[in-house]
Each structure stands twice: as structure tokens, then as C-alpha cells.
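Asks: One structure, as C-alpha cells, below. Some questions next.
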Amino acid sequence: MINLPELCTAIEQSPAVTIRFGNVPLSLDNPLRSGTKSMERPGQILLFFGNEGRYLINDGQEIIIDVPSDIDEKSVRFHVLGPCLRALLGQQGLLVLHANVVLINGNAVAMAGEQKSGKSTLTAFLYQANCPLIGDDLCAVFVKNGIAYVHPGIPRFKLWEDSLRALGKEPHSSHFIHHEFQKYALSADKSISEPVQLSEIIILKKGEHHKLTRLTGMHALSTLGKQTFYRRSVKQAGVSIPHFDRLSELAKIVPIYEFTRPWDINRLPETASWLMQAYQDNSELV
Amino acid sequence: MLELNDSDILLRSEEHVSCDLHGETIVMSIKKSMYYSMNKIGGVMWEMLSQPLTFSQLTQTLLKRFNVNEAQCKNDISEFLNGLHEQGLLHVFHKE
């Protein structure tokens, strides 16, 4: 058995998702997409992690784990709570953005951007300044009655060593999230347990000054598309129509901004303050 | 370069998805997974191309609807249609 304390346990009701050990096939029949790291067919995604095992995700309801008996527990948690979870959320029809979500002055703001654009670090600074965390890394969005909502995610940050030190925390190898991926887990309070209305999506960019610029039309749509997981699989699996529809629906109802900021880890407290001030007086959110 | 005659029949391809966003018509080619943006007149033409029509019908309708010079209008429409054709978003049927 492996503990997954980050997830909620279903005690009195039937679980929304079952995660269990079992036999996972080496391949899928008639795949729509087949690669060295994954295969996909309607309702099934098979993920390969070399000598760390295989995982099968079924119909947005089940994750089956097939790993060597001597597997490191951290490896299983890393794969289940990362790639498997986002594949499962995608099967459930959710649009999954690679973003951190934080509550700023009552507004749920998704921070997206390229790898190493500082999503988690900036969010962690905002969290330290009393902005509740809604989710780290995975932002699962759904639209109901014309309003976009985001599901609360796992209450922890995944941070590089320099980010952790900038936050005044001492790195310790026991907090590595994976033995080959030297990010550290920093836990956060789970203060939000229900879906929250998504106010804005902010794309982090390198710049000289702090500035928020509203994106519209194709620029907004193509930028939003780049923040989703499985872009390649969407293209290859021929499921681009629902994906495009979800993206355009979200871009219509949630404002998307580009946020340029000085690229200096020592200036992150200033960046967090600037953003909180912008939400307090609404001066920059045009 | 696609040479268009007045009697050529035009029809947009089904291999796309599109939406209207903040006043722009955005079309994505399913085959190429590329986005294309159209302004107001482009959006009107894109809508008209959902049904088969001749090049002449398209140009005459736009000339009536928008106050533009005929030669310039034909030139701009040809350029737009060429772009669509290159991206696999337009079928052109030459009438015998």
C-alpha cells in the first residue's frame, strides 16, 4: 500500500476515482496515438515510465498501477499525482492547464507560462502574503452555465532549491518529490475544498517592468492553447474539435492577461505586492 | 497561385473548427492544427463559403455590402481565397 495524503478519501460515498495496483498491459489495441512514453485509445491512456513501471488510466475513473515490488514510494506518488492525474482529468472532459491557481483579493487567478517561468515560486510568495492556494501545477477547469470554475488541487508547491531558499526555507533531501527530479515539496494549507469561479488567467513573461496586458482574439486563444497539457496528443488523436471548443469557450468568458515582470528572484516579493495591489484597486486589469 | 474565374465554384473545407472571439473569426485547420484569424470582411466571406457559390457571386455580394473599388475588391478576395486554399481550407471546382 502507498499513502497518498494529498488526496481526499471517500468514506461514506462511493469514490469518484479508484487508484489501485494491478496488471497493466504492455500495449493497447488499435491505439489512436502511440509513442515511446504513452499510448491512447478512446477511454484509455497507457503511460510508460521505463523501469518505474506502467500506469493505465480508464474512463476518467480509475488509475491502475503496475510497478516493480521494490519501487520507491515517491516515484509512485510523483507519477500518480502528476501525469496520471492530468490524463484522468482530461478523460473527464476537463480542460487542464499547466498553471498554479491562487486567490488574490477574492479572485481565483491562474498563473501559467512556460517551464521555469516562475509559476510555483510566484504563487508561493503570494501564499506567504496570505493569498490562499487553490492548486499547484494542474489547473482543471470546467464551464457551467457560462461560468468557468477551477477545481481545488493538491495543497503543496513543487519548488527548485533557489526558490525554496528565497522563501526563507531550508532545503532537505527528504522533501525531494522524485529522486531524479530535484524539486522540493512544500506543503500548503488546504483551505479551499470546493470548485471556485476562475477570474483571470495570467501568462508570466520576462520583462523590464511590471505590466499586465489584456490578450484578445487569436493571440488570446493561441496563447491559452499553449498552456494545456497533451497538445501533441490532442493533435494526433484527432480529438481537436472538443479541445478547440473548450479553449474558445474559456477564452470568451475568462480574461487572459500577459504579465511581464523583472526576471529576478530577489524581486519576487515586490512582484507579489504589485500584483496584490493591482487586484486591490483594479488599476491594471483593463 | 490559384487563378480564379468568375464561374468557379467555391466551398470551404469541413476540416476545420472555428469560433468568434472578441470580434475576430478564428479558424483552426484540423489537419495542420494551425490557427488563422480573420477580420470582419474575412469573417463574412468565411460564413458565405459554408455554402457553394461562384467567385462572381462572392465578389458581387461583397461589392454591394461594402463600399469598395471593384478591382481592389477582386484582388483582395483572390488573395484571401488563395490563403485558404494553400492551407487546405477551401475547395475550388472549375466549371467546364
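Asks: Provide the per-residue ³J(HN,Hα) series for segment B:89-95, in order, calculated from phi with Karplus coefficients 6.51, -1.76, 1.60 and θ = phi - 60°, each as a whole number of Hz, with x at glycine and proline positions.
Replies: Once θ is set to phi - 60°, the couplings for segment B:89-95 become 9, 9, 9, 10, 10, 7, 7 Hz.
Asks: Right, here's the next one. May I ask you to list the residues of segment A:106-133 whose amide nitrogen lies under 18 Å from a point 7 Å from Cα along the Cα→beta-carbon direction of residue A:190?
Replies: So the set is A:132-133.
Asks: Rg (Å, one decimal) plus Dmax (Å, integer) for the alpha carbons of segment A:155-275?
Replies: 17.7, 47
Asks: Please enumerate, by chain and number, the aspartates and glutamates with C-alpha under 14 Å from the C-alpha of residue B:95, excluding those fewer than 8 residues away in the same chain.
Replies: B:3, B:6, B:8
Asks: Using the Kirkwood radius over C-alpha pairs as Rh, can you work out the diffusion coefficient of segment A:51-209 via Stokes-Einstein at 10 °C, viscosity 1.306 mPa s, in µm² per second? Please list the in-between numbers first.
Replies: Working: Rh = 16.6 Å.
Once the numbers are plugged in, D ends up at 95 µm²/s.
Asks: Using the Karplus curve 6.51 cos²θ - 1.76 cosθ + 1.60 with θ = phi - 60°, work out ³J(HN,Hα) for each residue of segment A:95-108 in order, rounded to whole Hz, and write x for Gly and Pro.
Replies: Calculated HN-Hα couplings, in order: 8, 9, 9, 7, 7, 9, 10, 9, 9, 10, 6, x, 9, 7 Hz.
Asks: To continue, here is another question. Taking 10 °C and 1.306 mPa s as the conditions, I'd like the Stokes-Einstein D for segment A:1-129 in µm²/s, using the Kirkwood hydrodynamic radius from alpha carbon pairs. Don't jump to the answer; show the numbers that get you there.
Replies: Numbers: Rh = 16.6 Å.
The Stokes-Einstein estimate is 96 µm²/s.
Asks: Averaged across the residues of A:250-260, what count of C-beta atoms belonging to other chains lies within 10 Å of each residue's C-beta?
Replies: Working: counts 0, 4, 4, 0, 0, 0, 0, 0, 0, 0, 0.
Across A:250-260, the average partner-chain Cβ count within 10 Å equals 1.
Asks: Rank A:78, A:243, A:201 by how far each Cα sits towards the positive end of the charge dipole of chain A (+1 on Lys, Arg Cβ; -1 on Asp, Glu Cβ) and give me just the farthest.
Replies: A:243
Asks: Using only Cα atoms, tell me the angle between helix A:268-281 and the longest principal axis of chain A; keep it within 0 to 90° and round to the nearest 10.
Replies: Here the helix axis deviates by roughly 70 degrees.
Asks: Could you derive backbone 3J(HN,Hα) for segment A:242-249 from the dihedral phi with the Karplus parameters 6.51, -1.76 and 1.60 (θ = phi - 60°), listing whole Hz in sequence and x where the residue is Gly or Pro?
Replies: x, 5, 4, 4, 5, 4, 5, 4
Asks: Would you list, by chain and number, the lysines whose Cα falls below 20 Å from the Cα of residue A:206, excluding same-chain residues fewer than 8 positions away?
Replies: Straight-line reach from residue A:206, under 20 Å: A:116, A:119, A:226.
Asks: Another one. For residue A:190, give me every one of the aspartates and glutamates with a C-alpha distance below 19 angstrom, ignoring sequence neighbours fewer than eight places off in its own chain.
Replies: A:6, A:136, A:137
Asks: Only counting other Cβ atoms within 10 Å, I'd like A:27, A:187 sorted with the fewest neighbours first.
Replies: Numbers: A:27 10, A:187 13.
The order, fewest Cβ neighbours first, is A:27, A:187.
Asks: Okay, next question. Under a 5 Å amide H to amide H cut-off, with H placed in plane at 1.01 Å, what residues pair with residue A:113 once short-range neighbours are removed?
Replies: When sequence neighbours closer than 5 places are left aside, the close amide H contacts are A:204.
Asks: Can you divide the C-alpha Rg of segment A:83-149 by 2.2 N^0.38 Å and report the result to two decimal places? Display every interim value, and only then the final one.
Replies: Working: Rg = 12.5 Å, N = 67, 2.2 N^0.38 = 10.9 Å.
Dividing the Cα Rg of segment A:83-149 by 2.2 N^0.38 Å gives 1.15.
Asks: Also: In a solvent-free Debye calculation with one equal scatterer on each Cα, what is log10 I(q)/I(0) for the protein assembly as shown at q = 0.09, 0.11 Å⁻¹, listed in the order of the q values?
Replies: -0.64, -0.88
Asks: Something else about it: Give me the dipole magnitude in Debye, nearest 20, for segment B:33-96 about the Cα centre, with unit charges on the beta carbon: positive for Lys and Arg, negative for Asp and Glu.
Replies: Details: 5 positive and 6 negative charges, 44 e Å.
Using only the charged Cβ atoms, the result is roughly 220 debye.
Asks: Let me ask something additional. Which one, B:87, B:39, B:63, is farthest towards the positive end of the dipole of segment B:33-92 when Lys and Arg carry +1 and Asp and Glu -1 on their Cβ?
Replies: Result: B:63, furthest along the dipole toward the positive end.
Asks: While we're looking at this one, here's another question. When Cβ neighbours within 10 Å are restricted to other protein chains, what is their mean count per residue of peptide B:17-30? Let's see the in-between values first.
Replies: Details: counts 8, 2, 8, 3, 11, 10, 2, 6, 2, 9, 2, 10, 1, 5.
Averaged over the peptide's residues, the number is 6.
Asks: What is the projected area of the convex hull of the Cα atoms of chain B, averaged over all directions, in nm²? Can you show the working numbers first?
Replies: Numbers: hull surface 24.6 nm².
It is 6.2 nm².
Asks: Still on this structure, I have one more. What's the local net charge at residue A:41, with K and R +1, D and E -1, over the other residues with C-beta under 9 Å away? Could the numbers behind the result be given before it?
Replies: On the way: positive: A:33; negative: A:29, A:40.
Net charge in that neighbourhood comes out at -1.
Asks: Which is the longest run of chain B containing none of the trypsin sites (Lys or Arg not before Pro) found in DSSP loop states (not H, G, I, E, B) with at most 16 other C-beta atoms within 10 Å?
Replies: Working: sites that count: B:31, B:32, B:95.
Within chain B, the longest run free of exposed trypsin sites (Lys or Arg not before Pro) spans B:33-94.
Asks: Right, another one. Which value, in debye to the nearest 20, describes the size of the charge dipole of segment A:38-100 about its Cα centre when Lys and Arg Cβ atoms bear +1, Asp and Glu Cβ atoms bear -1, and nothing else is charged? Kindly include the intermediate steps, with their values, before the conclusion.
Replies: Details: 5 positive and 8 negative charges, 45 e Å.
Roughly 220 debye for segment A:38-100.
Asks: Beta carbons within 10 angstrom, averaged per residue: use that to sort the peptides A:113-120, A:98-105, A:82-89, A:243-250, highest first. Each step should come with its number before you reach the end.
Replies: Working: A:113-120: 17.6, A:98-105: 24.0, A:82-89: 21.9, A:243-250: 20.2.
Highest to lowest by the protection proxy: A:98-105, A:82-89, A:243-250, A:113-120.
Asks: Provide a whole-number value for the mean count of partner chain Cβ atoms within 10 Å of the Cβ atoms in peptide B:34-42.
Replies: Working: counts 1, 7, 1, 5, 2, 1, 0, 0, 0.
Mean number of neighbouring Cβ atoms from other chains: 2.
Taken together, the values in this text are just the output of simple stated rules run on the coordinates, not laboratory data. Being a predicted model, the structure only gives us computed values, none of them experimental. Every residue, glycine as well, gets a Cβ built from its backbone with ideal geometry; the counts of neighbours run over all protein chains shown.
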